[in-house]
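So the structure is just underneath, and the comments pick up after that.
Here, each number is a calculation from the coordinates, and none is a lab measurement. Please read all numbers here as calculations on a predicted model, not as lab measurements. Glycine also receives a Cβ, built like all others from the backbone with ideal geometry; neighbour counts cover every protein chain displayed.
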Amino acid sequence: MVNPYNKYLKTAPMTFKKIQIMVILLSVPLLWNGCKNDPKNAEDSQESDANKKQIVVPQFNADSAYQFIKKQVDFGPRVPNTEAHVQAANYLTKTLQRFKANVLVQEFQQRAYNGTVLNGKNIIGQYNPQAKKRVLLASHWDSRPYADHDANEANHHTPIDGANDGASGVGVLLEMARLMAESASTVGVDIVFFDLEDYGIPAFENESDNFSWALGSQYWAKNPLPMGYSANYGILLDMVGASDATFKMEHYSMFYAPEIVRKVWRQAGILGYGSAFIMEDGGMVMDDHIPVNEFMKIPMIDIIHYDQSTESGFFPHWHTITDNIEQIDKTTLLMVGETVMHVVYNE
Ligand code: AHN
Ligand code: ZN
């Protein structure tokens, strides 16, 4: 029988001990903030249409986002300390510059779970840097050195393309950058491409360590660039390009930033994407939004493909050699891109 719970989202009763440890470490009580009886919700819904400004939101182009994903994947797996990783970093930096962002690159080193010293680059593109009200948009750009969840054990040490796991979020954000270069949003926007997210301890080591993941965001959150950086809130995109994607309300996002989760899911519903953005419990995911919430105190949510029918709880090709360009579906890119564009341009 298929286990209805999954190991990686840490919702299974079997992993309760791990949940407890993680909770103590993060000093976060496990609370699920329900959507009901929230006064803020009521206020929002009472706001009359007449009070709303007429805002033109540039049209998100999913073909363009797809091309940005393909371009990344074509460098080969963007595994830290490889030539493809260097090439991809240059491409991302140059592309943000081409789209008129104020670009900052944070170079750093972090030790991986196995002692390897990894050369990392967090790449930041700022729009409207003088604006006080700011939104942080992020995604990781590195790809995993191991297909440790591939059905074929012979592939477990093979690096992955990470078309969905990595490149998809970056592709959506590059398309947003292209649009922001043409017509600025009122609010300031900072795009951060985090490095070293996916070098976490592999399944074949039979050990788990939450802090082996998200090394780039851990570094940035403790050493913000620009110095003293803050934002009103943040949105992380992770695995936002696969067919039939479903996005549910992730626990940490609901703990740290419930009103942002509701705002985004409500916006998706208004655009007709309620069948993908489902207002249900989305498990608990250790991802780049955790250090940002914990160390920078910026409320940040994670839009991440959640699928209860798979063993991992993520999309079916997660950490397998088939997480390649073939998995990318423009319909999903459009749903996510248009939703986030509307959220940002309505601020
Ligand atoms: C863990 O498996 C602990 N976190 C998953 C975060 C992740 C990996 N997102 C994409 N790849
Ligand atoms: Zn991954």
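Okay, here's what the table says:
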item: Theoretical gain in end-to-end length, Met279 to Glu259 [0.36 nm per residue, Cα-Cα removed]; result: 5.9 nm
item: Whole-number D in µm²/s for the stretch 85-150 (Stokes-Einstein; Kirkwood sum over Cα pairs; 37 °C, 0.692 mPa s); result: 234 µm²/s
item: Rg/Rh for the stretch 223-343, where both radii come from Cα atoms and Rh is the Kirkwood radius; result: 0.97
item: Cross-link pairs beyond the 26 Å C-alpha cut-off, checked among Lys121/Lys297; Lys121/Lys263; Lys94/Lys248; Lys70/Lys121; Lys71/Lys132; result: Lys121/Lys263; Lys94/Lys248; Lys71/Lys132
item: Projected area averaged over orientations for the stretch 278-347, convex hull of C-alpha atoms, nm²; result: 6.4 nm²
item: Percent of alpha-carbon pairs separated by more than 16 Å within the stretch 259-310; result: 49 percent
item: Cβ-based exposure ranking for Leu174, Leu104, in which fewest neighbours within 10 Å come first; result: Leu104, Leu174
item: The stretch 77-230, Rg to Rh (Cα coordinates; Rh as Kirkwood inverse mean 1/r); result: 1.00
item: Kirkwood hydrodynamic radius of the stretch 284-325, from inverse mean 1/r over distinct Cα pairs, in Å; result: 12.0 Å
item: Rounded to whole Hz, the Karplus (6.51, -1.76, 1.60) HN-Hα couplings of the stretch 118-124, x for glycine and proline; result: 9, 8, x, 9, 8, 10, 10
item: Positive dipole terminus of the stretch 157-286, leading residue within Met284, Phe193, Phe255 (C-beta point charges); result: Phe255
item: Stretch gain in nm, segment Gln109-Ser243, where the contour uses 0.36 nm per residue and the Cα spacing is subtracted; result: 44.7 nm
item: Cut-off 20 Å, label 7 Å out along Cα→Cβ of Thr116, residues of the stretch 302-328 by amide N; result: 318-324
item: Computed FRET value (nearest 0.05) for Leu271 with Thr331, which takes r as the C-beta separation and R₀ as 22 Å; result: 0.95
item: Length added when fully stretched, Glu205-Gln308, from 0.36 nm per residue minus Cα-Cα; result: 34.7 nm
item: Pairwise centroid distance, computed over Cα atoms, of the stretch 87-132 with the stretch 287-347, Å; result: 19 Å
item: Principal axis box of the stretch 213-267, alpha-carbon based, largest edge first, Å; result: 38, 24, 17
item: Ranked list, fewest to most other Cβ atoms within 10 Å of each Cβ, for Trp220, Trp265; result: Trp265, Trp220
item: Residues with amide H under 5 Å from that of Ile235, placed H, sequence gap 5 or more; result: Leu136, Leu137, Ala138, Ile301
item: Burial order of peptide ranges 189-195, 313-319, 257-263 (average beta-carbon count within 10 Å, highest first); result: 189-195, 313-319, 257-263
item: Cβ charges +1 (Lys, Arg) and -1 (Asp, Glu), total dipole of the stretch 118-262, debye; result: 980 debye
item: Separation in nanometres of the label points that stand 7 Å from Cα toward Cβ, at Gln130 and Thr186; result: 1.8 nm
item: For the stretch 165-285, projected area of the alpha-carbon convex hull averaged over all directions, nm²; result: 9.3 nm²
